Amino acid sequence: MDRWVADSLIGWAAGKKCDDGTRAKLAHEMKAYAAELAGASPTPVESLLAETAALCWFTLRLHEAHFAGASSSGEGMTLNQGRYHLTKIDRAHARLMATLKTLASVRRLAVPSVQVNIARRQVNQQVSTGTHE
């Protein structure tokens, strides 16, 4: 995982006065999510996409948390501030969905096809390896 980006996001989430235990827990959570998305025996491309998706997921959750915090503060927020936060959430969500869609496409394309000709009829069948189901 891109260490610098992950550390920056964790620093943003944890704040400046956070202890190392909390930072380690957040890093572990992000790595665990990436490992879950990658599956048991991922290809290098699947691993990269899973790590990117984990970063996108973490970013989305951070934007949602900041919006919730700003919304529940006693001061409230202006309409423009609300739009700003919601735009950040929408863009982070779109990046996450695009990354997950790409990961699904890569997995679908990686499944080998077998062609069988029976009595002049061509039958294409995808063979499932069972690794990503």
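A few comments on the model shown:
- Taking 0.36 nm per residue of separation and subtracting the current Cα-Cα distance, fully stretching the chain between T102 and C18 would add 26.8 nm.
- Segment 36-116: relative contact order in percent, alpha carbon pairs under 8 Å with at least 6 residues between: 40
- For a straight C-alpha distance cut-off of 27 angstrom, the lysines reachable from K17 (same-chain residues fewer than eight places away being disregarded) are K25, K31, K88.
- Listed from fewest to most Cβ neighbours within 10 Å, the set T99, T22 follows the order T22, T99.
- Backbone HN-Hα couplings from phi across segment 19-27 [Karplus 6.51/-1.76/1.60, Hz, Gly and Pro as x]: 7, 5, x, 5, 4, 5, 5, 5, 5
- Residue separation of T87 and S72 scaled by 0.36 nm, minus their Cα-Cα distance, works out to 3.6 nm of gained length.
No lab work stands behind these numbers, since they all come straight from the coordinates. The structure presented is a predicted model; accordingly, all values stated were derived computationally and were not measured. Reconstructed Cβ throughout: ideal geometry from the backbone, glycine too, with neighbour counts over all protein chains shown.
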